[in-house]
1. May I ask for the angle, rounded to the nearest 10°, between helix 189-200 and the longest principal axis of the chain, with both axes built from Cα atoms and the value confined to 0 to 90°?
2. Trypsin sites (Lys or Arg not before Pro) within segment 105-201: which are DSSP loop residues with at most 14 other Cβ atoms inside 10 Å?
3. Quick check: the distance between the Cα centres of segment 1-39 and segment 128-168, to the nearest angstrom?
4. Which cross-chain or sequence-distant (5 or more) residues have an amide H under 5 Å from the amide H of residue 64, H modelled 1.01 Å from N in plane?
5. Which whole-Hz couplings ³J(HN,Hα) result when phi for each residue of segment 172-185 is put into the Karplus expression 6.51 cos²θ - 1.76 cosθ + 1.60, θ = phi - 60°, listed in order with x for Gly and Pro?
6. If you bin every alpha carbon distance in segment 146-198 into 5 Å steps from zero, what whole percent lands in each bin?
7. Can you give the local net charge around residue 23? Use residues other than it whose beta-carbon is closer than 14 angstrom to its beta-carbon, Lys and Arg +1, Asp and Glu -1.
8. Kirkwood hydrodynamic radius, computed over distinct alpha-carbon pairs, for segment 47-143: how many Å, to one decimal?
Amino acid sequence: MIISEYFENYFYSLKQLASHTFVKEQQLSDWIDLCILPNAAYHLKKQVQSSSFFGITDFNEEKEYFARGYTKWIELIKPYSDLSSAQAYSVFYQQYAKCVNHLQLKGLEFNSDYFENLEERIQDHWQLFLAGKYGVITANGFIHEIVALESVDFLAKNAELNDDQLKKCIRLLERSLSYPPAQLNCVSNSHTLLNNLNSAQ
């Protein structure tokens, strides 16, 4: 796949993000500065050469691409007025906890060790979320995808997975991970873990 097609097919520009969420671009930019909305997943800088009847022109072009799942995050924070980063984190925390409960209902088994330092781990994932990491390595940048990656990683390192749990973990990773073109060199630990779990079957 051509890299530009990957960006256009799987990500939004800030303008597109504003259009889909009915939030002004300036508001989105302000939220990024205030650590409420994640940074762009990709910052693209390229040199372009234009050829026309009037000759050849060289210029630089910069674009930012945001995970499409950020639209869901924006819908969650839109109702709040004068939102602070701390309040946004509270929303993130609540959504994260809901997703953990959902995984339990779906049959993923967590022992007590998983919950011991969960709040601290959520804080770490909040920072990575804001930095744009999960816009790169997850399929859409959804919170439930982040929870899936974190949960499977923890279980793979700290629990003995039976066949049923192993299959559930593999399915979660397969559905939650992004699959960027090889040229982007974005092979995360979660991608490596998926390969390892598949080999363990």
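What follows is calculated from the coordinates using simple rules that are stated; it is not laboratory data. All figures in this text were calculated on a predicted structure; none of them were measured in a lab. Using ideal geometry, Cβ is built from the backbone for each residue, glycine included, and neighbour counts are taken over all protein chains shown.
1. With rounding to tens, the tilt is 50 degrees.
2. Numbers: sites: 106, 121, 133, 157, 167, 168, 171, 175; in loops: 106.
Answer in residue order: 106.
3. Their Cα centres are 23 Å away from one another.
4. 14, 44
5. Per residue, the Karplus-derived 3J(HN,Hα) values read 4, 5, 4, 7, 9, 7, 8, 10, x, x, 4, 4, 7, 6 Hz.
6. 4, 20, 33, 23, 11, 6, 3, 0
7. Working: positive: 15, 24, 72, 78; negative: 25, 30, 75.
Neighbour charge sum, excluding residue 23 itself: +1.
8. Values: mean 1/r = 0.0603 Å⁻¹.
Result for segment 47-143, one decimal place: 16.6 Å.
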